[in-house]
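Chemist: Take this structure first; my questions come after.
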Amino acid sequence: MDESSLGRGKAKQVRQGRYINFGANLTMRAIVSVIVALMLGGCMQGTFMQGTLSPATDAGWSGRDRQLMSNLPYRQAAIPEEYRRHIVQYDRKEAPGTIVIDTGNKLLYYVLPKGQAIRYGITVGEAGQDWSGIATVGRKEEWPSWTPTAGEHARLDPLPAFVAGGPQNPMGARGLYLYAGGKDTQYRIHGTNQPEYIGRAISSGCIRMTNEDVIDLYNRVKIGTVVVVLPASRWTFRAHAAERPDA
């Protein structure tokens, strides 16, 4: 349930950022208060520099992956440090193997044993298309095709009726299809052909990852994996980078 740059005008890009401008007359005491409030609210995720993982190697890639990833039709993006893959300490109660999505901070966590998780930067749904809840991974696909939904056609046309799998496809290298109550929710965790938008809220509700990161996550996830999507207003977890980038 996502869209590519096909049929999307520049007006979409205008809505991508939200900025907080502090007036020149803001006192130092007020600045300190704002910083403390952010820290207590969990908006600061700790020291990102520690524990940064190297980009996923191609050790878990198929021959097709190597072929397609060697000739990408889009420009590679410089992912900001906070959205690069890290090992972090994790103090929520989800079981190892669970996926937890922090929509407010545009981060996805794959829970590991011993109080740790792998943290990935993501793109989330834009205003009006975002969602929250609990689902499971009901299907997995490598280099999935994309068939825009009726809702996407209504909002974003002109769109193609079908796009075959490949690096030009907005679904990217992998798709994890989310189910609830035995039914397809139409939401996915998938790759992207627009890595420059990692850390933004611009999708039609699906969770986008870089192709390198979604391959890494795909190789860890099993059918039936629980996916917890938390609304931004209820996120209370604070994570900071662990000492050892050893996942």
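The values are calculated or read from the model by the stated rules, or taken from the named source; none is laboratory data. Given the structure is predicted, the values throughout are model-derived calculations rather than measurements. All Cβ positions, even for glycine, are placed from backbone atoms using ideal geometry, and neighbour counts span all protein chains on display.
Chemist: Of the residues 185, 210, 192, which is of a type in the set (Val, Ile, Thr) and surrounded by fewer than 21 Cβ atoms within 10 Å (Cβ to Cβ)?
Modeler: Sole residue among the options that is of a type in the set (Val, Ile, Thr) and surrounded by fewer than 21 Cβ atoms within 10 Å (Cβ to Cβ): 185.
Residue-wise test of (1) more than 14 Å from residue 137 (Cβ to Cβ); (2) over 11 Å from the mean Cα position of the chain (by Cα); (3) modelled with pLDDT of 95 or more; (4) of a type outside the set (Lys, Arg).
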residue: 187; (1), (2), (3), (4): no, yes, no, yes
residue: 194; (1), (2), (3), (4): yes, yes, no, yes
residue: 201; (1), (2), (3), (4): yes, no, no, yes
residue: 228; (1), (2), (3), (4): no, yes, yes, yes
residue: 233; (1), (2), (3), (4): yes, yes, no, yes
residue: 242; (1), (2), (3), (4): yes, yes, no, yes
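Chemist: Have a look at 111, 88 and point out the one that is buried (at least 19 other Cβ atoms within 10 Å of the Cβ) and within 24 Å of residue 184 (Cα to Cα).
Modeler: 111
Chemist: Turning to a different aspect of this structure: Quick test of your reading of the structure: residue 219 fulfils all but one of (1) in contact with a Gly (Cβ under 9 Å, 6 or more places away or on another chain); (2) part of a strand (DSSP E or B); (3) not charged (D, E, K, R). Name the failing condition by number.
Modeler: That leaves (2) as the condition not met.
Chemist: Run residue 196 past the list (1) of a type outside the set (Ser, Thr, Tyr); (2) under 15 Å from residue 61 (Cα atoms); (3) not in a loop (DSSP other than H, G, I, E, B) and report the number of the one that doesn't hold.
Modeler: If we test residue 196 against (1) of a type outside the set (Ser, Thr, Tyr); (2) under 15 Å from residue 61 (Cα atoms); (3) not in a loop (DSSP other than H, G, I, E, B), just (2) comes out false.
Chemist: So if I check each of 154, 78, which one is over 16 Å from the mean Cα position of the chain (by Cα) and more than 15 Å from residue 209 (Cβ to Cβ)?
Modeler: 154
Chemist: Taking only segment 150-185 into account, find how many residues are among the hydrophobic types (A, V, I, L, M, F, W, C) and modelled with pLDDT of 90 or more.
Modeler: Going through segment 150-185 one residue at a time, the tally reaches 8.
Chemist: A further question on this structure: Scan 158, 148 and give me the residue that is over 19 Å from residue 61 (Cα atoms) and surrounded by fewer than 16 Cβ atoms within 10 Å (Cβ to Cβ).
Modeler: Only one candidate qualifies: 158.
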